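The values are calculated or read from the model by the stated rules, or taken from the named source; none is laboratory data. Note that the structure is a prediction, hence the values are computed from the model and not measured. As a convention, Cβ positions derive from the backbone with ideal geometry for all residues, glycine included, and neighbour counts pool all protein chains shown. The accessibility values were calculated without ligands, DNA or RNA, using every heavy atom of the protein model including side chains. Shrake-Rupley method; radii C 1.70, N 1.55, O 1.52, S 1.80 Å.
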Amino acid sequence: MSTRTSSRLNTRDFINIGVFTALMFVIVFAFGMLGFFGPAAMFPGFLISILINGIVFALFTARTPKMWALTIMLIIIEILFSVTGHWVGGIAIAIVFGLLADLVVTKGPKSMKVRVPLAYALFILPIYVSPWMPLFMNQDAYMSQIAEQMGADYAAKMAQVVTIPILLGFFVVMLIVGWIAGLMGTRIARKHFERAGLV
């Protein structure tokens, strides 16, 4: 696997950022669409996308272990989500957690089994937490907006399934799954991608 470095990003790095950002966004968005089958379907969709993107994240950090790479990627992802109607404040959260993830990758623990899962757990927080922030700030207004977009029946079901205690519990589960996904991604990257000369 590539060694850590804090050198400046170059043209190849920006190409990697573009490619991997698009891939991660498509995976999150595609499995998030499971929510159209019912509010409860969102949660397994989110967890599946976290698991799959753990591999994508591990490969990306192996190819581009440089400061600012994850921050830029996360900001772009949040901008794309804001364009699709998600909370624009997620961009500010992305800056903070992107920087933290970058610091873990470039200056964090030496062991990849610790470094990559930790960085990934930080990285996914804005993606899966920030869309729910409007609900924490004003639950009634949030549900009214859902009713306008998806219909009253869907909003009523969502109000039963998506509560603040359930969301807080999901965030804990998400972090655990994120750590496992980062660990799995590291092992798969080491086993397959090094052999193929991709890192």
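Just in the range 46-151: which trypsin sites (Lys or Arg not before Pro) are loop by DSSP and have at most 14 other Cβ atoms within 10 Å?
LYS110
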- Message: If I require 20 Å or longer along the helix axis, counting alpha carbons, and a Kyte-Doolittle average no lower than 0.0, what helices from the chain are left? Use full DSSP H segments.
- Response: 11-32, 42-63, 69-83, 90-107, 112-129, 164-188
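In percent, how large is the relative contact order of the chain, given Cα pairs closer than 8 Å and 6 or more residues apart?
RCO, the chain: 29 percent.
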- Roll a 1.4 Å probe over the protein heavy atoms and report the accessible area of ILE79 in Å², nearest 10. 80
- Query: If you look for lysine pairs in the chain that are eight or more places apart or on different chains, how many of them have Cα atoms under 23 Å apart?
  - Reply: 6
- Task: Determine how large the accessible area of THR84 is when every protein chain is in place; take a 1.4 Å probe and give Å² rounded to the nearest 10.
- Result: 70
- Query: Given (1) 15.7, 43; (2) 19.3, 75; (3) 17.2, 53 as candidate values of Rg and Dmax of the Cα atoms in Å, which corresponds to the one derived from the coordinates?
  - Reply: (3)
- Options GLN145, VAL161, ALA101, ranked by Cα towards positive dipole end of the chain, top entry (Cβ charges): ALA101
- SASA check, ASP153, accessible area w/ 1.4 Å probe, all protein chains in place, rounded to nearest 10 Å², comes out at 120
- Compare ILE48, ILE77 by solvent-accessible area with a 1.4 Å probe and give them largest first, with all protein chains kept in place. ILE48, ILE77
- Query: Which percent of the accessible heavy-atom area of the range 12-192 goes to carbon and sulfur, probe 1.4 angstrom?
  - Reply: 74
- Cα centroid separation, the range 124-153 to the range 38-64 (Å): 21
- Item | Charge dipole magnitude, Cβ of K and R +1, D and E -1 - the range 12-192, Cα centre, debye nearest 20 | 1080
- Expressed per residue, the solvent accessible area of the range 12-192 in Å² (1.4 Å probe) is about 46
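Would you compute, from DSSP H runs of 4+ residues alone, the mean residue ellipticity of the chain at 222 nm, taking -39500 (n - 2.57) per run and dividing by the full residue count, rounded to the nearest 500?
Value at 222 nm, helices only, nearest 500: -24500 deg cm²/dmol.
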